[in-house]
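See below for the structure under consideration.
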Amino acid sequence: MTIGWHFDNTYSKLSNTFKENIKPTPVHDPELVILNEELASTLNLDFSKTDKKKLAEIFSGNSIPEETNTIAQAYAGHQFGHFTMLGDGRAVLLGEHLVNNDNRFDIQFKGSGRTSFSRGGDGRAALGPMLREYIISEAMHSLNIPTTRSLAVVKTGEKVVRENLLHGAILTRVASSHLRVGTFQYIAATQNIKNLNTLVDYTINRHYPEIKASNSKALDLLNLVMEKQCQLVINWMRVGFIHGVMNTDNMAISGETIDYGPCAFMDHYDPKTVFSSIDKFGRYSFSNQPPITKWNLARLAECLIPLIHKNEDTAVKIATETIDNFQNIYETKWLNMMRDKLGLFGENQNDLKLINELLNWMEINKADYTNTFCYLMNINTGDNKYKNLNFINWVKKWENRILINKGSKEKSISLMRKNNPIVIPRNHKVEEALDAANNNNLELINKLLVILKKPFNNQDNIMNYQSPSDNKDYQTFCGT
Ligand code: AMP
Ligand code: MG
């Protein structure tokens, strides 16, 4: 009976500054809640001959595969703007699993017990937030957005103390790595240039081998990470995703979405939308996500200063110029992304105006972000806002723009269908599924996962999954 693990651990071989060697803390009575068989198969893993009891042992960390070298990773972070030394306080990296010998994936348990980075925390996680991460990360993957993935969730058989007593749980997270902006901040804070060079080389080997031979590695790395994170936030803006806690420790160097805490999707279009209960000043609101990405990249740039140029003033000048490019890169990408959402081929000098007119109309009329684009693609979502005269006039302008350059509605709609989801994880549907799962009923979560797997397809009987939430004061919590 072989599952097919193929561990080849590189991060655990770095010096102890980077990590702590530690095992997951065994749990009392683990029980498998969900296993992502499709993801398992893309990882060349076969759990079909493993019984449920053994699966629970594996995904709780009670039984650890051979060739693992479990660690908690060190990192720092600006949390809501304040610098803190952090690290995996409730996660353990099982190891790096190789697929077809060259695709490397971190396999990490989240909720696996205390580490030396736990500070005051219990090292544990509750079932609701771990299933929430499972649902949303898998939905993001199906929306063609780079993200960490979720392989399994187990209940630990132990209670965790939050405001109430909750079921304890562990999520198995799969990521192209867990290197964060905060990893660089941690090493930079120790002021050890040798370690900083090690981290840069490690990152380049793992994610950006194309610049291995460069003689300006640190600067090239900064530019590549900026490109990736910029593209990521563009994708979030495309589907109305609000991450909710874009602290520098939650920004992956790979450009994957990581750390699904208080995230949620926007219903009606409002750039100021915030769901997280702790984001009192809207630092991580929908429209603040691009400038925050830039702010976070500036923190990465600061870490790299000693490696960018031996003269500090020159290095700062180069880094500042680099980060200042963010705005241009973002605006160009955003305009093209919105053109795709509206099925606009080529460029027209009035495109920006046309797009902004639609967004303004949506904001004033509290029109649903997802469903408005569905309406334009002739998909009925049951929404009746679109008889409005201003909207009808806008549609005429849009239709005229489509016809420029021998365009046609069909061609446009086919482009739009690739970019605009028909269904997203609606907050009320996610909550409903989590409530049921907390009461041992997995039917709703399984149904939701099936629907979210094909967000761009027409599916029967999903109107219920397309309607925005009635709860206008919906709030999310960090789930720690
Ligand atoms: P997060 O808000 O999930 O990004 O976590 C921020 C930091 O708090 C990270 O260092 C986490 O490892 C740590 N943390 C979150 N929850 C817990 C917990 N229950 N026990 C220990 N550390 C935690
Ligand atoms: Mg985090």
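Sort the chain into rounded, prolate or oblate with this rule: let a ≥ b ≥ c be the square roots of the eigenvalues of the Cα gyration tensor; rounded if a/c is under 1.5, and if a/c is not under 1.5, prolate when a/b is larger than b/c, oblate otherwise.
It comes out oblate by the Cα gyration axes.
Apply 1/(1 + (r/R0)^6) to the Cβ-Cβ distance of Thr190 and Asn144, taking R0 = 41 Å, and write down the FRET efficiency to the nearest 0.05.
Efficiency computed from Cβ-Cβ geometry: 0.60.
Please arrange Trp236, Trp5 by counting, for each residue, the other beta carbons lying within 10 Å of its beta carbon, fewest first.
The fewest-first ordering by Cβ neighbours comes to Trp5, Trp236.
Could you let me know the centre-to-centre spacing of the range 110-128 and the range 390-411, using Cα atoms, in angstrom?
Comparing the Cα centres of the range 110-128 and the range 390-411, I get a distance of 53 Å.
Each label point is 7 Å from the Cα along the Cα-to-Cβ direction; what then is the distance between the points at Phe83 and Glu363, in nm?
3.5 nm
Pairs to check: Lys385/Lys447; Lys272/Lys341; Lys409/Lys447; Lys212/Lys418. Give those whose C-alpha atoms are more than 31 Å from each other in this structure.
Numbers: Lys385/Lys447 29 Å; Lys272/Lys341 21 Å; Lys409/Lys447 33 Å; Lys212/Lys418 35 Å.
From the list (Lys385/Lys447; Lys272/Lys341; Lys409/Lys447; Lys212/Lys418), the Cα-Cα distance tops 31 Å for Lys409/Lys447; Lys212/Lys418.
Stretched out fully, how many nm does the piece from Ser216 to Asn440 gain, at 0.36 nm a residue minus the Cα gap?
Computed gain between Ser216 and Asn440 is 75.2 nm.
Using the Cα gyration tensor of the range 7-175, with a ≥ b ≥ c the square roots of its eigenvalues, what is the shape: rounded (a/c below 1.5), prolate (a/b larger than b/c) or oblate (neither)?
The shape class here is rounded.
Using a basic spin-label model with each label point 7 Å from the Cα along Cα→Cβ, how many nm lie between Asn356 and Asn464?
4.3 nm
Taking Lys23 as the anchor, which lysines have their alpha carbon closer than 24 Å to its alpha carbon, excluding any fewer than eight residues away along the same chain?
Lys13, Lys52, Lys53, Lys54, Lys110, Lys155, Lys159
Label Phe281 and Ser48 with points 7 Å out from Cα along Cα→Cβ: what is the distance between them in nm?
So the label points at Phe281 and Ser48 sit 5.5 nm apart.
Which Cα, out of Val200, Pro455, Ala213, lies furthest along the positive dipole direction of the chain (beta carbon charges, K/R +1, D/E -1)?
My answer, from the dipole projection, is Pro455.
When Lys317, Lys333 are ordered from fewest to most other Cβ atoms inside 10 Å of their Cβ, what list results?
So the ranking, lowest neighbour count to highest, is Lys317, Lys333.
Averaging sequence separations of C-alpha pairs under 8 Å and six or more residues apart, then dividing by the length of the chain, give the relative contact order as a whole percent.
14 percent
Computed from the coordinates by the stated procedures, all read-outs in this text should not be read as laboratory data. Values in this document were obtained by computation on a predicted structure and should not be read as measured data. Note that each Cβ is placed from the backbone with ideal geometry, even for glycine, and that neighbours are counted across all protein chains shown.
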